[in-house]
Amino acid sequence: MKQRLLLLLTAAMVCAVTIGCRLSAGTSAGYSKDKQDTQQSDTKSNQGQSQQGGGQGQQDERFEVQDGKLVKYTGTDEHVVIPESVKVIGKEVFSANKTIKTVQLPTGLLKIEDDAFFYSTLTKVTIPANVTEIGSFAFMGTKLTELKFEAGSKITKLPKNMCEICTDLTTVELPTGLQSIGSSAFSGCEKLSQITFPDTVHTIETNAFRETALKRVVLPANLQKLEQQAFYLNKELTEVVASTTVVQQDWKEIPESDNGISAYCFCDNQKLQTIKLPDRLKTMSEGCLLGAVHLKDVTLPASIASISEGIIDLSSITDKVTVHVKNREPSQISINTYAFRNFDGTHKDKLFIHVPNGTSETFKKAAGWSTYQERISEERK
């Protein structure tokens with residue numbers, strides 16, 4: 001009897017141990033499976049973030065970024081989305097890139113360095129509002145058709161050669177606080193037919209709009225500096241007028257022409273017919289209207305003080321040109337005796353000089369003006 005009880009007790013103990021082991025094994029297996037599922041989920045999440053341009057702790061290998069500066073791009077995408085962590089696009093990063101067509105710049109971008117997109121195939125770009133500086137040659141030679149700036153742009157200066165030879169560029173929307181346009185910034189943009197200058201612009205540098213398709217130019221109200229050949233060889237340009245906005249500042253220093261229009265500024269604009277100059281203009285420099293063969297009307301404001309040699313070549317004028325002088329005192333205007341080239345028997349009849357009523361006799365006797373006395377008459381009422 002005792003022996004049977006002992007056997008039963010032993011069997012019960014063995015059964016209990018077996019059940020315990022099975023329970024322990026089941027719990028361990030369940031924990032291991034849960035851990036594996038969590039790891040797989042995390043791996044998939046990280047892979048997804050990497051494919052979208054980089055998540056927390058991840059970096060897209062196409063973009064080499066050093067301290068917030070993009071220094072290299074190795075991708076081949078047509079549409080490039082630059083990571084939001086980028087604050088500066090470095091020199092030549094996309095230079096000569098032949099696959100890029102559009103780019104999404106990060107909202108926190110502060111600077112685009114020299115040659116950043118030089119001669120790439122970029123077609124459209126919008127500059128974020130926080131960008132404060134763009135380097136020289138940044139978009140030169142690209143396939144740009146459209147250049148825009150976000151509202152509230154902090155850009156005050158467009159650099160030299162920024163969009164030079166962008167031969168497909170048709171649309172440019174300048175930022176509202178722009179102050180200066182660098183030399184050759186849009187030179188050779190042969191499809192650019194219109195541009196609106198914010199009245200904050202005070203400087204347009206040499207060759208800034210040379211050889212474009214501009215048809216009409218309204219000079220900004222606060223313009224102080226218009227440099228040599230700024231609008232040279234604009235073959236479609238027919239009219240240049242001053243802004244109707246109230247001018248707040250005087251025109252200031254212009255290279256080779258104090259307070260005025262510099263040498264050859266509107267030279268060889270063969271379709272130019274009318275030019276009305278700002279009220280604070282003081283000087284017209286040599287050759288500023290040479291080659292404007294269809295020129296018909298030139299209005300000189302009362303502020304004009306000096307007219308240099310050869311501003312107009314009468315031999316090239318196809319019809320007639322009338323110069324409207326607003327200053328009533330010829331003694332206040334220094335005019336070169338060769339201001340109108342080829343003023344002789346063959347071409348003098350092309351020139352008409354209209355002066356304010358009651359001043360014609362004074363002008364005819366004044367130094368310099370007497371050379372053109374037979375072509376001086378008073379404005380018609």
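The values are calculated or read from the model by the stated rules, or taken from the named source; none is laboratory data. This one's a predicted model, so the numbers in the text were calculated from it and none came from an experiment. As a convention, Cβ positions derive from the backbone with ideal geometry for all residues, glycine included, and neighbour counts pool all protein chains shown.
Suppose the filter is out of contact with any helix residue (DSSP H, G or I) (no Cβ under 9 Å at 6 or more places or on another chain), in the same structural domain as CYS267 (by the TED database) and not hydrophobic (A, V, I, L, M, F, W, C); does SER334 pass it?
yes
Residues in region 307-321 that are buried (at least 17 other Cβ atoms within 10 Å of the Cβ) and either hydroxyl-bearing (Ser, Thr, Tyr) or not assigned by the TED database to the domain that holds LYS350 (or both): how many?
2
Taking only region 303-321 into account, find how many residues are of a type in the set (D, E, K, R) and not in a loop (DSSP other than H, G, I, E, B).
The total comes to 1.
Name the residues in region 322-346 that are outside any loop (DSSP other than H, G, I, E, B) and buried (at least 20 other Cβ atoms within 10 Å of the Cβ), would you?
Once the filter is applied, which keeps residues that are outside any loop (DSSP other than H, G, I, E, B) and buried (at least 20 other Cβ atoms within 10 Å of the Cβ), region 322-346 yields VAL323, VAL325, PRO330, ILE335, PHE340.
Quick one: which residue in LYS160, LYS148 is farther than 22 Å from GLY68 by Cβ, at pLDDT 95 or above and part of a strand (DSSP E or B)?
Result of the check over LYS160, LYS148: LYS148.
Count, please, the residues in region 335-347 that happen to be over 19 Å from GLY291 (Cα atoms) and either at pLDDT 95 or above or among the acidic types (Asp, Glu) (or both).
So the answer is 1.
Identify, from the list LYS381, LYS364, the residue that is at pLDDT below 95 and not in a strand (DSSP E or B).
None of the other options fit; the residue is LYS381.
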